[in-house]
Amino acid sequence: EARAQMLLGSAMAAMAFNVAGLGSVHGTGHAISARLNAAHGQTLATMLPHVMDYNMPERTEKYEEVARLLAPEGPASGTAAIDAVLKLRSDIGIDKSIRDLGGEDDLLPTLVEDAMADLINVFNPRPVDPEALVYRLTALCVLRRHAHERCNWSWRFGAVCKRLTKPCNRRTCAFGGG
């Protein structure tokens with residue numbers, strides 16, 4: 001019975017992909033899965049709250065609906081939706097960071113390049129560019145410090161990193177909470 005339900009769920013998801021397209025959760029998840037030999041579903045669940053936070057300006061109403069479905073006793077807001085996803089992720093033991101998946105600091109440039117090469121990102125509700133990916137992946141605490149600290153890696157997006165001197169989103173940061 002469980003296998004039949006998984007098969008049905010998989011088929012329904014494939015139909016949804018054809019209608020809605022995929023976005024940056026998959027675009028970044030593909031890169032992480034390929035580089036770290038991690039399960040695709042694991043990497044999607046790891047990235048989901050970070051991409052939701054990034055897409056919030058474009059998807060507020062949809063996230064309010066997600067909050068109503070996942071946490072009906074709480075407020076119907078985008079933030080509540082992300083909090084509900086974080087709780088679900090925690091309840092089922094999903095890794096919270098790329099480092100938890102086995103990634104190291106020097107992987108960030110490669111992940112950004114791989115994710116930018118993934119055409120699935122064109123379907124993301126908010127435009128995806130290298131700066132956005134650096135910010136999201138850094139916020140995911142790829143590095144061994146918070147996004148609010150200066151990072152010392154030097155590569156072509158190093159200038160973007162200097163903008164990350166504001167506090168990280170501790171709700172979704174692997175070191176600060178979420």
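Values quoted throughout were computed directly from the atomic coordinates according to the rules given, and no laboratory measurement underlies them. Only a predicted model underlies this, so the values are computations on that prediction, with no experimental measurement involved. Please note: Cβ atoms are built from the backbone with ideal geometry, for glycine as well, and neighbour counts cover all protein chains shown.
A few comments on the model shown:
- Förster-model FRET efficiency, 22 Å R0, Phe123 and Ala76, C-beta, rounded to 0.05: 0.30
- Estimated at 0.36 nm per residue, the fully extended path between Thr60 and Leu7 surpasses their Cα-Cα distance by 16.0 nm.
- Around the Cα centre of the range 1-135, unit charges on the Cβ atoms of Lys, Arg, Asp and Glu (plus for the first two, minus for the last two) sum to a dipole of about 400 debye.
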